[in-house]
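Accompanying notes for the structure given below.
The values are calculated or read from the model by the stated rules, or taken from the named source; none is laboratory data. Every value quoted in this text rests on a predicted model; they were computed, and no experiment measured them. As a convention, Cβ positions derive from the backbone with ideal geometry for all residues, glycine included, and neighbour counts pool all protein chains shown.
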Amino acid sequence: MQVSSSAQPVHGGNLTWAAIIAGCSPLAILDFSASINPLGPPPSAIEAIQAHLLDVKAYPDPEYGELRSALSRFHHVPPDWILPGNGSAELLTWACRDLAKHDVTCLFTPAFGDYSRALQAFEAKITTIPLLSWDDDLADCDLADCDLAIRIQDRENWIKADRQIDSTPSHSTRGLLLNNPHNPTGMLLSREQVRSWIDPFGLVVVDEAFMDFLRLNQQQSMMDWVQDHPNLVILRSLTKFYSLPGLRLGYVIAHPDRLRRWQQWRDPWSVNALAVAAAIAVLQDIPFQQQTWDWLEEARLHLFQGLAALPGLHPLPGAANFLLVRSESSVLAIQRQLLQRYQILIRDCMSFAELGDRFFRVAVRTPAENQRLLDGLADILNDQSQESL
């Protein structure tokens, strides 16, 4: 089957499409479009996979007892409150099936495209709540605490969000789906802010796929409150932080009754034996976790500063391993030129209806790779400036 070079990808990480545009092998693409830890996979994961290769001869434990126990020790949550899945995407599907039972689901926008896909698959009614009002002054914000920055104009957006939440139907008939840190803005919501939304909803689903990129004392996870709130569901991913997207491994933390129901809905053995082995190994890999936190803080700051110094680009500080950038010129044109000249792929935001062709998202990669991106962008923006003269 021939892949069309005109079909704009909906997700990041589509190296087949990028290679067609760039005229090179997919292996030659430097991918900033998928927010995956460039330091991984950790050796502990590779060693575990190699040590368990013969496990593929047998079916995995359908209860995933060993993996649940490892996650239980890691998060201090009882094992029966944890359900592993084939990536957090699979578990999002079942969360949206539960959300669809409510009269309306509130969704912060811009939102990860799979949220709408999964909700619409079960004919859920969606009401959107705009999260971000862009302000040019954001480009001049204090960088000292940009790892935790929530750059919203004062509290206006939260006030509007609370009002819109209050205007939806009563407690038992409405749901809320959000992610924290937020994708694509990278904003970090406080535990207290999210906590204030638990009681007004029949079901609250918090996608924390990027939470582990923050140091433990900076994380704003809702995990501690799950056992006190049966209407709270936490989604987590192991693939981004540990650079294992090809293994497809995520997990959900929620009330055991809900997880037993989800288990009945899905196919058996959704997590393969090699993914289980790798997960158990990386959860114990404290040095890799520390290495990632040390790398990210410095690399993100330098990338932010480099982007902010380029004409026509306005990056938004964020807490995760990616940055959202507003561009004064067409992102699709910049994206194509980056591919054709430098084999670099950035994530356009065409799939986010609220953003479109004036925003792009870039993962934070190694210092040398980040500099390649900055150099490529500088050349393209300089050429555009010369052409406009």
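Couple of notes before you dig in:
- Among the residues of the stretch 38-79, those that are over 30 Å from N370 (Cβ atoms) and aliphatic (A, V, I, L, M) comprise A51, L53, L54, V56, A58, L67, A70, L71, V77.
- Criterion applied to S88, S72 was being surrounded by 16 or more Cβ atoms within 10 Å (Cβ to Cβ), outside any strand (DSSP E or B) and free of Cβ contacts under 8 Å to residues at least 12 places away in the same chain, and the one residue passing it is S72.
- Residue list for the stretch 198-213, restricted to those being of a type outside the set (D, E) and surrounded by 22 or more Cβ atoms within 10 Å (Cβ to Cβ): F201, L203, V204, V205, V206, A209, F210, M211, F213
- Candidates D294, D379, filtered to the one that is loosely packed, with under 15 Cβ neighbours inside 10 Å, under 30 Å from L71 (Cβ atoms) and not assigned by TED's automatic domain parsing to the domain that holds L71: D294
- The set of residues from the stretch 354-375 being over 18 Å from S327 (Cβ atoms) and free of Cβ contacts under 8 Å to residues at least 12 places away in the same chain comprises just one member, A368.
- The number of residues in the stretch 271-299 that are in a helix (DSSP H, G or I) and either of a type in the set (D, E, K, R) or closer than 30 Å to G202 by Cα (or both) comes to 3.
- For the stretch 243-258, a tally of residues being surrounded by fewer than 21 Cβ atoms within 10 Å (Cβ to Cβ) and of a type in the set (A, V, I, L, M) returns 0.
- Boolean, R236 is surrounded by fewer than 19 Cβ atoms within 10 Å (Cβ to Cβ) and of a type in the set (D, E, K, R): no
- Subset of the stretch 172-212 that is aromatic (F, W, Y) and modelled with pLDDT of 90 or more - its residue that is farthest from C349 (Cα to Cα): F201
- Annotation: of all residues in the stretch 358-372 being touching a helix residue (DSSP H, G or I) at 6+ places or on another chain (Cβ under 8 Å) and surrounded by 20 or more Cβ atoms within 10 Å (Cβ to Cβ), the one that is farthest from S35 (Cα to Cα) is F359.
- Filter result (in contact with a strand residue (DSSP E or B) (Cβ under 7 Å, 6 or more places away or on another chain) and either within 16 Å of S243 (Cα to Cα) or of a type outside the set (K, R) (or both)) within the stretch 361-376: V362, A363, V364, E369, L373, G376
- Residue in the stretch 216-224 that is surrounded by 24 or more Cβ atoms within 10 Å (Cβ to Cβ) and touching a residue at least 24 places away in the same chain (Cβ under 8 Å) present: no
- Scan of the stretch 322-353 for residues that are more than 13 Å from S33 (Cβ to Cβ) and in a loop (DSSP other than H, G, I, E, B), ordered by number: E328, S329, S330, F352, A353
- Filter pass, D383 being more than 27 Å from P43 (Cα to Cα) and modelled with pLDDT under 95: yes
- Test: residue in the stretch 339-354 that is charged (D, E, K, R) and in contact with a Ser or Thr (Cβ under 6 Å, 6 or more places away or on another chain): yes
- For L355, the test of being closer than 19 Å to N179 by Cα, of a type outside the set (G, A, S) and crowded, with 19+ Cβ neighbours inside 10 Å is passed.
- Output for the stretch 75-85, where each listed residue is in a helix (DSSP H, G or I) and under 14 Å from R260 (Cβ atoms): P79, D80, W81
- Residue in the stretch 308-315 that is farther than 24 Å from I380 by Cα and under 20 Å from the mean Cα position of the chain (by Cα) present: no
- Residues located in the stretch 20-69, provided they are charged (D, E, K, R) and in a loop (DSSP other than H, G, I, E, B): D61, E63
- Test: A299 is at pLDDT 95 or above and either of a type outside the set (V, I, T) or not assigned by TED's automatic domain parsing to the domain that holds L355 (or both): yes
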